[in-house]
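The values are calculated or read from the model by the stated rules, or taken from the named source; none is laboratory data. Predicted, not measured: the structure shown is a model, and the values here were computed from it. Every residue, glycine among them, receives a Cβ derived from its backbone with ideal geometry; neighbour counts consider all protein chains shown.
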Amino acid sequence: MVADTDVATEVEAPPRNTVGPIAWIRSNLLSSWSNAVLTVLGLYLTYQVVSGLIHWGLLTATFTGADGSVCTREGAGACWPFITAKFAQFMYGRYPETERWRVDLVYILAIAGLVPLMIPRVPGKFWNAIYVFVIFPVIAFFLLIGGAFGLLRIDTALWGGLLVTLVVATVGIAGSFPLGILLALGRRSKMPIVRWVSVGFIEFVRGVPLITVLFMASVMLPLFLPPGVTFDKLLRALIGVSLFSAAYLAEVIRGGLQAIPRGQFEAAEALGLSYGQRMGLIVLPQALKLVIPGIVNTFIGLFKDTSLVLIIGLFDLLGIVQLNNADSKWFSPTTAMTGYVFAAFVFWIFCFGMSRYSQMIERRLAAGDRR
Amino acid sequence: MAVITGEEGRTRAQQARAPFFYRPEVRQVIYQVVLVVVLVGLFYALIDNTAANLRKQNIASGFGFVDRTAGFDISQTLIDYNSSMTYGRAFLVGLVNTLVVAGLGIVAATVLGFVIGIARLSHNWLIARLATVYVEVIRNIPLLLQLFFWYFAVLKALPPPRQSLTVPGGGFLNVRGLYLPSPVPEAGFEVVLATILIGVAASLAVGLWARWRQRLTGQQFPVFWTSLALIVALPLLVHVLLGSPLAFEYPELKGFNFQGGMVLQPEFLALLLGLSVYTASFIAEIVRAGIQGVSKGQKEAALAIGLTQGQSLRLVVIPQAMRIIIPPLTSQFLNLTKNSSLAVAIGYPDLVSVWSGTVLNQTGQAVEVILVTMGVFLSISLITSAFMNWFNRRMALVER
């Protein structure tokens, strides 16, 4: 009996919970002393950042007003009326107000084409792609520039804001595609001169900053052309950006080409296909599909880099925000900060959305490999 | 034998019958000749046009302008410079400024990036989430925007000198920059410096000796603590014994501005902050991928042969992770160096700002100036990638 009671008192305490919120907190936040200290530090940091943002963006912010004087009081937070007043400029630049419906229409047409193209489940990808890559660019060109079909001609010097950002990024990537594919194929060619030329171009462009390429496009390109020939500043920037991203795209595509098994090349050759048929029908479709995430990442990089065009005097989203920050009518200590936060938010939405999309595609492609 | 000769003969006969331009070798030659002709023609046309345009604008080509007097001031000069010196000297000032901001940026970005990359893998849920938020926010916002933010919205919004914010340790932060005490060595400080050098040399020797002894006897020696004592503690001791021969000159408010000490200009601070914060988000991802790329079995095997947690991390996991991390890390370093050219947007006098900005505008020598700028960045890239290729070959996995 005595022994029995001894055993009863020595029964171990029930095991700790391994499920439920308390156990989760214990294992993920407080597993050791050092971990608990980190958690406290992290909580403090989170509190500081979140409360700071709420304080600045909501509690002390100004929401209505006609000029910067409403935001000049001591300790004022964000100056939101600055954004609402300038919103149209941030979106369209100096594009004439009566013609802005054309830009909106281009956006709507682009979304109508891109959304079904990007959702894998939607059928009819071939015609969809024809629309996005052939029909849409033609319509967009005439809608934006005008000068035909009874549309007023809008000089590109009037374009600005998000419109320029999107135009430079999309035309840049689309324009760099053919050259990028050629360079990638050239780099893997058996012909030494073709290979050297491709490697030389790719390594040269990848070795210099985009700014110098843009400087070259804006300062040196006019010198390269026959005297008297000039062309549009936006077009010059587009050429610079396209050449620049072609080199990066070529490296991405080369990665895809290297991932295609030799058997595919050999089988295509054995069928008697010509070089163009082998690449166009067998190799490139597989290689390009493989590197969609890489292409999207290049596009994200390009999208962020479009902000550099402001250095050569074009007004993309960041350029127009920077320009308006100096507007004396809206002068206040928080105008600049508000403008940057707005621009950062717009850029972030686009880039984050694209990177999420590329991760989804990556998972889908990986799922195919796992089978 | 006869059959083979016969077959060979038949193929040769067939080849002879086919028109010569269907033969792959011939075609390759033709393609390449066409490419060369097109490229040479293109370059000829470009050079011809450029020469004609330059003649029309009365700009003499060539590098003669490098020896002319610059006539402009540069706000940050680490080597001797004034406005009566040449354009060539201004180029050097810009180059040094670029290298300084890139070098410091690389160090800061690497430290911050490793901390955040490791934090992303932390078992602490909150820390891992915070690191993820940092990476996802920072790398999806253009660098130029971040530079503007730091420069115009943060540093240029600081109070004027009279209402400076104090920085612990005798520094001041205001709209004109960060004022820090500058060290002034006094007599006897050379001895302290020499002691540091001796300490470094001695700890290298100790390291070699410890390795030799471990190989022979298997006994280990606390190399780390010995080195720490030799490099840090010994010079400190000498420093104190000599009566602290290092004074500090503190910045003081005189009139409207601070005098004395050293000043880091807001342009420099903004560029350094922007570059390191932005690049750190990319480095963090590289570090995370590198550590995750080491297979779990490696760590389990290390623990199974009796290594401690720390040893398995230091001797097994990190060396293998570094092999994955280093190539993309180098390309981030190069990106940071190239991105430092954005200095031109906030007025930090780097190579692009001084040379492709001011000098180009003053002289109009667009071709020469841009080519030299590209040449400098290209050389930095090529030297770095040559070094990295060598390094990679050394580090590469030697398989049986």
Only one of (1) modelled with pLDDT under 80; (2) small (G, A, S); (3) closer than 17 Å to A:F345 by Cβ does not apply to B:A153, and that is (1)
Contact list please: Cβ distance under 8 Å, first residue in segment B:142-167 and at the interface with chain A (Cβ under 8 Å from one of its Cβ atoms), second residue of a type in the set (K, R) and part of a helix (DSSP H, G or I), pairs at least six apart or on different chains.
B:P142/A:K304; B:L143/A:K304
So which residues in segment B:327-382 are of a type in the set (D, E, K, R), assigned by TED's automatic domain parsing to the domain that holds B:L271 and farther than 26 Å from B:R176 by Cα?
B:K338
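Closer than 30 Å to A:A23 by Cβ, within 22 Å of the chain's Cα centre (by Cα) and more than 7 Å from chain A (Cβ to nearest Cβ), is that true of B:I138?
Here the answer is no, as B:I138 does not meet what is asked.
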When you check A:I154 against the structure, is it surrounded by 14 or more Cβ atoms within 10 Å (Cβ to Cβ), more than 23 Å from the chain's Cα centre (by Cα), farther than 30 Å from B:R55 by Cβ and free of Cβ contacts under 8 Å to residues at least 12 places away in the same chain, yes or no?
no
Among the numbered criteria (1) more than 14 Å from chain B (Cβ to nearest Cβ); (2) over 29 Å from B:D48 (Cβ atoms), which one does A:A237 miss?
(2)
Segment B:219-304: strands (runs of 3 or more DSSP E) wholly inside it with 1 or more residues that are among the aromatic types (F, W, Y) are B:246-249, B:257-259
Return the only residue of B:P251, B:P222, B:P266 being surrounded by 15 or more Cβ atoms within 10 Å (Cβ to Cβ) and more than 27 Å from B:K338 (Cα to Cα).
B:P251
Kindly indicate whether B:G207 is touching a helix residue (DSSP H, G or I) at 6+ places or on another chain (Cβ under 6 Å), more than 30 Å from B:G170 (Cβ to Cβ) and assigned to a helix (DSSP H, G or I).
yes
Would you point out which residue out of B:L104, B:L99 is in contact (Cβ under 8 Å) with a residue 40 or more places away in the chain and away from every other protein chain (no Cβ under 14 Å)?
B:L104
For A:Q286: the one exception among (1) within 14 Å of chain B (Cβ to nearest Cβ); (2) in contact (Cβ under 8 Å) with a residue 12 or more places away in the chain; (3) polar (S, T, N, Q)
(1)
Based on this model, can you work out whether A:I311 counts as within 12 Å of chain B (Cβ to nearest Cβ), touching a residue at least 12 places away in the same chain (Cβ under 8 Å), part of a helix (DSSP H, G or I) and over 30 Å from A:I54 (Cβ atoms)?
yes
Quick check, is A:L318 in a loop (DSSP other than H, G, I, E, B) and surrounded by 19 or more Cβ atoms within 10 Å (Cβ to Cβ)?
no
Flagged in segment B:58-77 as surrounded by 11 or more Cβ atoms within 10 Å (Cβ to Cβ), part of a loop (DSSP other than H, G, I, E, B) and in contact (Cβ under 8 Å) with a residue 12 or more places away in the chain, in numbering order, are B:I59, B:S61, B:F63, B:R68, B:A70, B:G71, B:F72, B:I74, B:S75, B:Q76, B:T77
Which one is farthest from B:V100 (Cα to Cα), of the residues in segment B:365-392 that are surrounded by fewer than 16 Cβ atoms within 10 Å (Cβ to Cβ) and in contact (Cβ under 8 Å) with a residue 40 or more places away in the chain?
B:N392
Just one of A:G180, A:G186, A:G172, A:G200 is surrounded by 19 or more Cβ atoms within 10 Å (Cβ to Cβ), within 14 Å of chain B (Cβ to nearest Cβ) and within 28 Å of A:G255 (Cα to Cα); which is it?
A:G186
Is it fair to say A:A344 is without any contact (Cβ under 8 Å) to a residue 40 or more places away in the chain, over 19 Å from A:A237 (Cβ atoms), assigned to a helix (DSSP H, G or I) and over 22 Å from the mean Cα position of the chain (by Cα)?
no
